[in-house]
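Just so it is clear, none of the values below were taken in a lab; they were calculated from the coordinates. These figures come from a predicted structure and were not determined experimentally. Virtual Cβ from ideal backbone geometry, glycine too; neighbours counted across all protein chains shown.
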Amino acid sequence: MLLGRRILIGVCGSIAAYKTAWLVRLLVKAGAEVRVVMTPSAEKFIGPLTFRTLTGFPVFSNLWEDQEDMNLTSPHIHLAEWAEIFFVAPCTADTLGRQASGRAENALDAVMLSARCPIALAPAMDVEMYRHPAVMENIRVLRSRGIKILDAESGPLASGLSGEGRLPEPEILFQEIVKLLGVSDFWSGKSVLITAGPTRENIDPVRFISNYSSGKMGYALAREANRMGARVTLISGPVALPPPTGVNTISVTSAAEMLEACLQHFPKADITFMSAAVADYTPANPASEKIKKQENAFSLPLTRTTDILKTLGQQKLPHQILVGFALETFKEEEFARQKLEAKNLDMVVMNSLRSPGAGFGVDTNQVSLFFKENKKTELPLMSKQDTAIAILKHSEGLK
Ligand code: CTP
């Protein structure tokens with residue numbers, strides 16, 4: 001769910017720091033890259049070695065010591081720039097106070113002052129400290145500067161008292177981070193089937209019919225769906241791309257092989273994206289030996305391949321979402337709508353070869369999305385990665 005997301009965790013000196021070890025474990029397990037920065041007081045409650053072992057990276061905890069093992073000259077600046085989000089849990093009254101007055105006394109303070117990414121703090125302290133007007137005022141000041149401050153939970157506290165001031169459980173903190181990163185849990189646990197790339201239809205053992213599809217759009221969809229938490233099966237024609245990490249990639253060559261793989265995996269799929277450029281025709285009688293040239297013109301009898309998308313559209317169950325792709329050079333909207341209807345689809349992603357920056361091989365794309373009831377959305381020219389994210393986001397509303 002968090003594959004490749006860069007999360008910086010800050011730890012302050014509170015007994016609740018033991019919960020942060022479990023939080024870090026959950027983040028790493030979800031695929032995130034995690035770095036940890038600690039205050040000197042935090043080290044009295046939990047050892048940097050714990051976090052170093054869980055994350056696989058050195059912990060930043062001392063502004064003044066040689067940071068040789070981090071291999072960085074200004075780790076506070078580097079970490080602040082690296083992070084997509086800086087999440088401090090537990091955050092003490094002392095750290096709140098220093099941040100409210102803009103001080104940079106320790107490593108954690110310095111990173112927080114340098115950070116441009118979203119910052120969230122989860123306070124943990126005794127109930128009387130939490131309710132102290134100075135602490136309340138510091139929280140107000142920090143919130144007014146755009147820092148998100150979670151509410152502490154109520155319950156038994158380390159002092160033996162009971163009241164507000166508890167750090168929420170690691171699973172709750174994990175969900176907060178997921179929310180702050182804008183990761184929806186729509187895709188979590190969903191089965192997604194994607195086809196990508198061209199197919200090759202053999203003429204003889206040395207020649208084939210194919211097309212210019214690079215597979216980049218389908219691979220970007222597979223990577224992004226996996227990153228959002230889906231279980232992804234990618235059925236790919238021959239392409240020059242590495243299989244995406246964490247994705248079940250099945251390599252096929254011909255339209256017939258792609259059909260067979262799709263029929264096998266479609267029943268388990270919640271959402272299917274058919275971005276492959278499948279050959280519509282295949283040689284009627286592929287030769288087993290190389291065809292020798294002749295003096296005269298040569299013609300090659302072709303037969304129709306099975307329309308995989310249409311076949312799946314006929315088998316589709318009410319809970320399944322089926323998305324087709326269309327590449328057109330004229331009457332784009334008319335043809336896209338015809339496909340939506342004829343193949344029983346929930347959405348058509350239409351590429352026009354007339355749009356500059358869209359089409360084969362390039363890293364950008366400009367697509368229009370067609371839905372039932374004559375609805376349509378035009379996406380801007382974007383990287384194929386951003387286009388993939390937008391296509392996935394629009395698919396969330398299809399059922
Ligand atoms: N498709 C398929 N099986 C085929 C051919 C295409 O599954 N044998 C899928 C593609 O993956 C894509 C969509 O169908 O999602 C493209 O629709 P299609 O009508 O085949 O487009 P064109 O081949 O461009 O059709 P036409 O020749 O009618 O323009």
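Data overview
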read-out: Long-range amide H partners of I147 with built H, under 5 Å; value: none
read-out: Euclidean distance of C-alpha centroids, the range 352-399 and the range 1-65, integer Å; value: 39
read-out: Förster radius 41 Å - calculated FRET efficiency between K331 and Q175, Cβ distance, rounded to 0.05; value: 0.30
read-out: The range 202-219 versus the range 223-254: alpha-carbon centroid distance in Å; value: 17
read-out: Members of K268/K343; K179/K316; K29/K372; K268/K393; K339/K384; K190/K331 lying beyond 29 Å, as alpha-carbon distances in this model show; value: K179/K316; K29/K372; K190/K331
read-out: Counting DSSP beta bridges with both ends in the chain, the antiparallel % (nearest 5); value: 30
read-out: Sequence-distant residues sharing a close amide H with T249 (under 5 Å, placed H); value: L234
read-out: Alpha carbon centroid spacing (whole Å) that separates the range 99-124 from the range 302-318; value: 56
read-out: Charge dipole (the chain, unit charges on Cβ, about Cα centre) - positive-most of S288, L54, Q315; value: S288
read-out: Radius 14 Å from Cβ of G215, net charge of other residues (Lys, Arg +1; Asp, Glu -1); value: +3
read-out: Calculated FRET efficiency for the pair L317/I209, C-beta based, R₀ 30 Å, to 0.05; value: 0.35
read-out: Stokes-Einstein diffusion coefficient of the range 213-298, Kirkwood radius over Cα pairs, 10 °C, 1.306 mPa s, in µm²/s; value: 106
read-out: The range 1-87, relative contact order [Cα under 8 Å, separation at least 6], %; value: 36
read-out: The chain: angle of helix 216-227 to the longest principal axis, Cα-based, in degrees nearest 10; value: 40
read-out: Summed side-chain charge close to N351 - residues other than N351 whose Cβ falls under 13 Å, Lys, Arg +1, Asp, Glu -1; value: 0
read-out: Using θ = phi - 60° and Karplus 6.51 cos²θ - 1.76 cosθ + 1.60, couplings along the range 75-86 (whole Hz; Gly, Pro as x); value: x, 5, 6, 4, 5, 4, 6, 5, 6, 8, 7, 10
read-out: Kirkwood Rh in Å, taken over all unlike Cα pairs in the range 6-180; value: 15.9
read-out: Total charge dipole magnitude, the chain, about the Cα centre, Cβ charges on Lys, Arg, Asp, Glu only, Debye to nearest 20; value: 800
read-out: With 10 Å bins from 0: P(r) over the range 323-391, alpha-carbon pairs, percent; value: 22, 56, 22, 0
read-out: Taking all pairs of distinct alpha-carbon atoms in the chain, Kirkwood radius in angstrom; value: 24.3
read-out: Environment charge of T50, counting only residues whose C-beta is closer than 11 Å and scoring Lys/Arg +1, Asp/Glu -1; value: +1
read-out: Helix axis angle, 133-144 relative to the chain longest principal axis, alpha carbon, degrees; value: 30
read-out: 0 to 90° range, to nearest 10: angle between helix 170-180 axis and the chain longest Cα axis; value: 60
read-out: Selection of GluC sites (Glu not before Pro), the range 85-192, meeting DSSP coil and at most 15 other Cβ within 10 Å; value: E105
read-out: Filtered GluC sites (Glu not before Pro), the range 241-337: DSSP coil and at most 10 other beta carbons within 10 Å; value: E289, E295
read-out: Of all DSSP beta bridges in the range 6-180, antiparallel share, percent nearest 5; value: 20
read-out: Spatially proximal lysines relative to K44 (Cα-Cα < 22 Å; intrachain offsets below 8 disregarded); value: K19
read-out: Relative contact order [Cα under 8 Å, 6+ residues apart], the range 6-180, whole percent; value: 23
